[in-house]
Amino acid sequence: MLTKEQVDRLFDFCKRHYVDYYDVQVELVDHLANAIEEKMASNEQVNFEEALDSVYAGFGINGFSGIVASRTTIMRKHCRKLQWKMFLSYFTWPKAAMTICLFVVLFFLGRLLSIIQAEILVSALGFSLFLFELYTITFYGRTIKKQTGKLLMTEVGATPIFWIWILLPTNMMTRAFSPFSENILRNDMHFPEYVFIVIVFVLSLLVLLSYLAMMKQLHKEAREKYPKAFV
C-alpha cells in the first residue's frame, strides 16, 4: 500500500507530464499506484521511484497523451448524449404540450397583430434570446468559479464547437430579422416567413435550455465524483 506522500508524488508526476485535468489525474494515479504496488510486491529490490519509471515507460514515447485523448473522446460522447437527452426531453409530456402551445401562441399572435406590432414582437423575441444567451454564458462562468481544480468532464461541455451551435440559431434569426421590412412585411406576413422565424426562435430557446440542463447535470456528476475539485 502506497503512502500519502507517494500518492501525492504520483499526482505531481502527472502534472509534470502535462496532465492538467484533475479527473484524468485521479484515474491515472489509481492505475499507476496499482501497477507500482504489483512491481514492488513481486521484487522487493525495486523501490518506488524505479517502479514508477518502469510503469511510465510502458506508456510508450507519447506518455500520457494517449490516455488524455481517449478520455476526451469518451467525455465528448457523454456530453453529446447527455445534451441530446436533455433536448429530447422537451418533446415528451408535459414539455411537448408546452412547446406546442408556445409555438401556436407566437404564430397566431403574429397573425393578429398589425405589421408594425409584428415587427416589434419579432425584434423583442430576438433580443430576449440574446439576453438569454448572455445569461447562459454568465451561468457557465459562475459554475466554473466554484471549481478549484480543472476538470475534463466540465470543460468539454463548453468547447468552441458547442458555442458555435448555440450562437448559430441567433445568427439565423438575425438574418431573418434584418430584411424584415423589405421582404417579410412586403408579403404581409405570409405563412412560410413567420413560421420560419417562430421555429428558429423556439428551437434556439430549447437548445439553450438543454445546454443549461446539461451543464447542471455535468457539474452535479463532477461534484459527486470529484468533491476535492470544488469549493
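The values are calculated or read from the model by the stated rules, or taken from the named source; none is laboratory data. Everything numeric in this text was worked out from a predicted model, so none of it was measured. Every residue, glycine as well, gets a Cβ built from its backbone with ideal geometry; the counts of neighbours run over all protein chains shown.
What to note about this one:
- Within the range 36-56, not a single residue is hydrophobic (A, V, I, L, M, F, W, C) and closer than 16 Å to Gly149 by Cα.
- Of the numbered criteria (1) at pLDDT 95 or above; (2) surrounded by fewer than 14 Cβ atoms within 10 Å (Cβ to Cβ), the one Tyr18 fails is (1).
- Number of residues in the range 137-147 that are assigned to a helix (DSSP H, G or I) and touching a strand residue (DSSP E or B) at 6+ places or on another chain (Cβ under 7 Å): the value is 0.
- Per the listing Thr136, Thr154, the residue uniquely modelled with pLDDT under 85 and surrounded by 12 or more Cβ atoms within 10 Å (Cβ to Cβ) is Thr136.
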